[in-house]
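**Student:** So that we are looking at the same thing, I have put the structure below in structure tokens.
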Amino acid sequence: MLNSEKGLFQTDFKKLKLLRRGKVRDIYDLGEHLLIVATDRLSAFDVVMPQPIPYKGKVLTQISNYWFDFFKEKIPNHVVTSDVNLFPTECKEYIQELRGRSIIVKKAKPLAVECIVRGYLSGSGWIEYKKTKSVCGIKLPDGLLESSKLPEPIFTPSTKADVGHDENITIEKTAELVGKEIAEEVKYLSLEIYRMAAEHAESKGIIIADTKMEFGLYNDSLILIDELLTPDSSRFWPKSKYVPGKSQESYDKQYVRDYLLSINFNKQPPGPMMPDRVIQQTSELYREALRRLTGRDVE
């Protein structure tokens with residue numbers, strides 16, 4: 001059962017057909033559509049932590065829905081409805097668990113690539129730049145600092161690995177995987193979505209340093225799927241605290257990563273139990289991202 005103070009770690013909807021469990025989301029097959037439920041699980045260094053982060057799944061769902069609606073005139077998406085009152089009869093007894101953290105979506109065929117856009121130099125991009133003055137093979141100017149804003153956002157797609165880490169790939173490799181026309185279209189759309197979202201978020205006090213988005217094919221047309229521009233799929237930085245030349249504070253699980261590094265976590269499962277202060281502070285960071293971006297708290 002769901003306890004908002006403790007969070008939802010795993011769903012157990014016995015009358016629904018479980019299709020698969022991801023690190024965060026549980027997916028059920030409803031026949032014509034899918035039901036996606038964002039739990040409060042948190043994955044750090046590719047390890048799912050043993051404790052949930054209260055409200056995290058609701059934040060991810062509600063931020064995604066915000067952006068899907070924001071871009072619906074630009075490109076269609078997979079959302080059928082997020083209103084639990086419109087969910088099919090077989091979902092009704094699970095309404096308490098589903099409210100605010102679930103959506104019913106179209107059954108699209110996901111593309112075999114993740115579409116990543118970087119607007120700032122951070123994470124693995126910063127590590128690569130220090131060695132090669134490039135990111136994913138894209139040459140960048142000399143003299144950039146950690147967290148520097150890039151002259152222009154760059155498209156750096158990756159594979160989707162079932163096991164282990166995703167691998168960065170070139171646009172040419174992307175074309176091999178999905179076809180040249182689709183590769184060019186997702187590159188254009190990814191960069192446009194990032195530019196528009198970054199400008200909008202900055203007006204709300206949030207810098208979107210980079211983001212990952214996914215596309216699928218539905219009735220042979222390209223649509224947005226999965227999640228969109230959330231603190232789990234993006235780096236969200238407080239604009240008021242941004243200072244290039246160092247790592248930035250963020251509205252995401254970086255607080256957990258920092259804690260794990262402080263205790264020399266070996267980055268292998270099982271994850272360690274975390275203090276209440278780490279869990280509560282991380283929960284508040286996610287909720288603050290939602291409040292700043294949408295002006296609303298969790299449903």
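The values are calculated or read from the model by the stated rules, or taken from the named source; none is laboratory data. Only a predicted model underlies this, so the values are computations on that prediction, with no experimental measurement involved. Reconstructed Cβ throughout: ideal geometry from the backbone, glycine too, with neighbour counts over all protein chains shown. Accessible surface areas use protein heavy atoms only, side chains included; no ligands, DNA or RNA. Shrake-Rupley method; radii C 1.70, N 1.55, O 1.52, S 1.80 Å.
**Student:** If you check Tyr66, Tyr94, which single one turns out to be more than 22 Å from Ile223 (Cβ to Cβ), modelled with pLDDT of 95 or more and part of a helix (DSSP H, G or I)?
**Tutor:** One residue alone meets the criteria, Tyr94.
**Student:** A further question follows. Given the conditions (1) part of a loop (DSSP other than H, G, I, E, B); (2) without any contact (Cβ under 8 Å) to a residue 24 or more places away in the chain, and given that Pro151 satisfies all but one, which numbered condition is not satisfied?
**Tutor:** (1)
**Student:** Tell me, please, whether a residue that is open to solvent by less than 20 Å² (accessible area, probe 1.4 Å), touching a residue at least 24 places away in the same chain (Cβ under 8 Å), of a type outside the set (A, V, I, L, M) and in contact with a Phe, Trp or Tyr (Cβ under 8 Å, 6 or more places away or on another chain) can be found in segment 188-198.
**Tutor:** Scanning segment 188-198, I find at least one residue that is open to solvent by less than 20 Å² (accessible area, probe 1.4 Å), touching a residue at least 24 places away in the same chain (Cβ under 8 Å), of a type outside the set (A, V, I, L, M) and in contact with a Phe, Trp or Tyr (Cβ under 8 Å, 6 or more places away or on another chain), so the answer is yes.
**Student:** Among the residues of segment 56-76, write down those that are open to solvent by 10 Å² or more (accessible area, probe 1.4 Å) and either among the acidic types (Asp, Glu) or more than 14 Å from Thr294 (Cβ to Cβ) (or both).
**Tutor:** Asp69, Lys72, Glu73, Lys74, Pro76 - these are the residues of segment 56-76 that are open to solvent by 10 Å² or more (accessible area, probe 1.4 Å) and either among the acidic types (Asp, Glu) or more than 14 Å from Thr294 (Cβ to Cβ) (or both).
**Student:** Can you spot a residue in segment 141-157 that is farther than 13 Å from Asp210 by Cβ and β-branched (Val, Ile, Thr)?
**Tutor:** Taking every residue of segment 141-157 in turn, none turns out to be farther than 13 Å from Asp210 by Cβ and β-branched (Val, Ile, Thr).
**Student:** Looking for whichever is open to solvent by 30 Å² or more (accessible area, probe 1.4 Å) and either of a type in the set (Val, Ile, Thr) or closer than 19 Å to Trp237 by Cβ (or both) here; the options are Leu121, Leu145, Leu150. Which one fits?
**Tutor:** Result: Leu145 is the single residue among Leu121, Leu145, Leu150 that is open to solvent by 30 Å² or more (accessible area, probe 1.4 Å) and either of a type in the set (Val, Ile, Thr) or closer than 19 Å to Trp237 by Cβ (or both).
**Student:** Now for a separate question. Based on this model, can you work out whether Glu214 counts as in contact (Cβ under 8 Å) with a residue 40 or more places away in the chain, within 22 Å of Ser64 (Cα to Cα) and out of contact with any strand residue (DSSP E or B) (no Cβ under 7 Å at 6 or more places or on another chain)?
**Tutor:** no
**Student:** Scanning segment 214-241 for residues that are open to solvent by 60 Å² or more (accessible area, probe 1.4 Å) and over 23 Å from Pro157 (Cβ atoms), which turns out nearest to the chain's Cα centre (by Cα)?
**Tutor:** Lys239
**Student:** With respect to the numbered conditions (1) outside any loop (DSSP other than H, G, I, E, B); (2) out of contact with any Phe, Trp or Tyr (no Cβ under 6 Å at 6 or more places or on another chain), which one is the sole condition not fulfilled by Leu35?
**Tutor:** Just one mismatch for Leu35, condition (2).
**Student:** Is there any pair with a first residue in segment 87-103 that is within 16 Å of Leu18 (Cα to Cα) and open to solvent by less than 20 Å² (accessible area, probe 1.4 Å) and a second that is in a helix (DSSP H, G or I) and charged (D, E, K, R) whose Cβ atoms are under 8 Å apart and which are 6 or more apart or on different chains, and what are they?
**Tutor:** none
**Student:** Those residues that are within 17 Å of Ile127 (Cα to Cα) and under 20 Å from the mean Cα position of the chain (by Cα), I need them from segment 143-154; list them, please.
**Tutor:** Within segment 143-154, Ser147, Ile154 meet the criteria.
**Student:** Pairs, please: C-beta under 8 Å, at least 6 apart or cross-chain, first residue touching a residue at least 12 places away in the same chain (Cβ under 8 Å) and open to solvent by 40 Å² or more (accessible area, probe 1.4 Å) and in segment 9-26, second of a type in the set (Lys, Arg) and in a strand (DSSP E or B)?
**Tutor:** Gln10/Arg21
**Student:** Filter segment 27-55 for residues that are without any contact (Cβ under 8 Å) to a residue 12 or more places away in the chain and either open to solvent by 40 Å² or more (accessible area, probe 1.4 Å) or under 27 Å from Asp258 (Cβ atoms) (or both) and give the result.
**Tutor:** If the condition is that a residue be without any contact (Cβ under 8 Å) to a residue 12 or more places away in the chain and either open to solvent by 40 Å² or more (accessible area, probe 1.4 Å) or under 27 Å from Asp258 (Cβ atoms) (or both), then Gly31 is the only one that fits.
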